[in-house]
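Worksheet: one structure, shown below.
The values are calculated or read from the model by the stated rules, or taken from the named source; none is laboratory data. The structure presented is a predicted model; accordingly, all values stated were derived computationally and were not measured. Note that we place each Cβ from the backbone using ideal geometry, even for glycine, and neighbour counts take in every protein chain shown.
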């Protein structure tokens, strides 16, 4: 009977370890998730304002309609620009930390103009910039459509949850250990 109690204690310690040590690693690796996989459409010249002063601009689409030129600005200063094809990703890192990961889903060029679909879009907080304010909302400046109405509202911050869950796991394991010793 004592052998089974020890197994149960170690099982709770294992669960705690997995919860506490594995969950925050993802959060630390990328920082807080500010934009979590949403998407939008941008026409040439449109700007999408993100958290922490970042803006992405569709500069244009080539004549063949198979490549788009995107520029990322921070407080109106260009930090990166790339020419991308469908399926390619625009990744911006700062001090070895990924800040943006944006996939060009679709490029359209026709008589009605040029348009691209960006999805999924991820923005992670830049620890060197001030934290975004709760009222700050990241949406395309020119348009707001159904696919962007959630932008900036999903914040994934599981590190705090993992700490609380870990604390309760330790308490439960300690109580069970004490109960079974009597």
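So here's what we get for this one:
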item: Selection from region 93-113 of residues that are surrounded by fewer than 19 Cβ atoms within 10 Å (Cβ to Cβ), touching a residue at least 12 places away in the same chain (Cβ under 8 Å) and closer than 17 Å to residue 81 by Cβ; result: 94, 101
item: Only one of 108, 92 that is closer than 15 Å to residue 33 by Cα, in contact with a strand residue (DSSP E or B) (Cβ under 8 Å, 6 or more places away or on another chain) and either at pLDDT below 95 or not in a loop (DSSP other than H, G, I, E, B) (or both); result: 92
item: Extreme residue, modelled with the lowest pLDDT, among residues of region 114-132 that are loosely packed, with under 15 Cβ neighbours inside 10 Å and either part of a strand (DSSP E or B) or touching a helix residue (DSSP H, G or I) at 6+ places or on another chain (Cβ under 9 Å) (or both); result: 131
item: Residue 63 vs. criteria assigned by TED's automatic domain parsing to the domain that holds residue 132 and modelled with pLDDT of 95 or more; result: no
item: Matching residues in region 34-85 - criterion: being closer than 15 Å to residue 108 by Cα and assigned to a loop (DSSP other than H, G, I, E, B); result: 44, 45, 46, 62, 63, 64, 65, 66
item: Among the candidates 38, 49, 23, residue that is modelled with pLDDT under 60 and buried (at least 16 other Cβ atoms within 10 Å of the Cβ); result: 23
